[in-house]
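Here's the structure, in structure tokens; my notes come after.
The numbers here are math on the coordinates, done by the rules we state, and not lab data. The structure presented is a predicted model; accordingly, all values stated were derived computationally and were not measured. Cβ sites come from the backbone with ideal geometry, for glycine too, and all protein chains shown count toward neighbours.
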Amino acid sequence: MSSDDIHLPAGLMAHAGHYFPWDLVVLFVLAVALGVRLYRVLGRRVGMQGVRQERPGAGPFGRGAPKGAASDATRPSAPPPLPGQAGGKAAAAAGTFDQAAPEVEYEIPASATRVGTVLSEIGAVFPGFSPDGFLKEAEGTFRQVVPAFAVGDRTVLEKLLTPAALGDFSAAIDARVEAGETQRSDLRGIESLSILDAMLLSGQDGTRTGRVEVRIVSRQVNILTDRQGEPLVGTEAVTEFHDMWMFERVAGQSDARWRLSASCPA
């Protein structure tokens, strides 16, 4: 039988000549798209992989290290400076604390002012007195009193406070203990100490008492928590505090220290 003997119906021949397998084309396109999608998902990352994060504070305004400083990416971030330690933004960025702590700014009234004149009179009554030396001693007292009050260390407070001030501080500590509260005061730095007022008083018994009022600006983490550890007052953030402290010293006594006699927020 030759090919000429094979005859198909005319309708079937027309259908076979014009049919195109569109369904196969659609399936092929879907298969390719699915394969590309799987490659993008599985071909790049498999399982849980770490994501690089920039260290806050490594660069200006916490935006990470600048380009070309990739070697610093593995350096651990430095903790905030504590009182008396080297620190500051420059040390934190460098990851070292070799530099000296920033100096505290002392503000002293001019000698021609009323307060300056009283300070000169105090210097005549208390040999060796100088405004700079006084503020240095006041700074040291502040650095000791703040943490001592937080932990209730009456032994330290007794050496730095007048008897009246010690009674007030002790009463506050007793009330805190009775309520089951805990005080946390982390002194992170002192910005400035300023002499605002000074006076020289004379008692009926002839004793002379010098008093100097100082405004202290400091940075602290100060928070009060209850029995359950829930915060009552304060915050975990470093906060700027303005305090007014009154220092007192009685002439003729063997104790040459200027003691804290009163304190309040400025």
Charge dipole (debye, nearest 20) of segment 105-265; +1 at Cβ of Lys and Arg, -1 at Cβ of Asp and Glu: 340 debye
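Based on other C-beta atoms within 10 Å, arrange S185, S254 from fewest to most.
Result, fewest neighbours first: S254, S185.
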Fewest-first sequence of D23, D243 by Cβ atoms within 10 Å of each Cβ: D23, D243
Positive minus negative residues near T225 (Lys, Arg vs Asp, Glu; Cβ under 9 Å): -1
Computed P(r) (all Cα pairs; segment 105-265; 10 Å bins; percent): 10, 36, 33, 15, 5, 0
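Ranking F28, F129, F142, F134 by Cβ neighbours within 10 Å, fewest first, what do you get? Don't skip to the end; give the middle numbers.
Numbers: F28 11, F129 18, F142 22, F134 25.
Ranking F28, F129, F142, F134 by Cβ neighbours within 10 Å, fewest first, gives F28, F129, F142, F134.
Count charges around L157 for me, please; just the other residues with Cβ under 14 Å from its Cβ, Lys/Arg as +1, Asp/Glu as -1. Please report the intermediate quantities before stating the final value.
On the way: positive: R143, R154, K159, R176, R257, R259; negative: D153, E158, D168, D174.
With Lys, Arg at +1 and Asp, Glu at -1, the net is +2.
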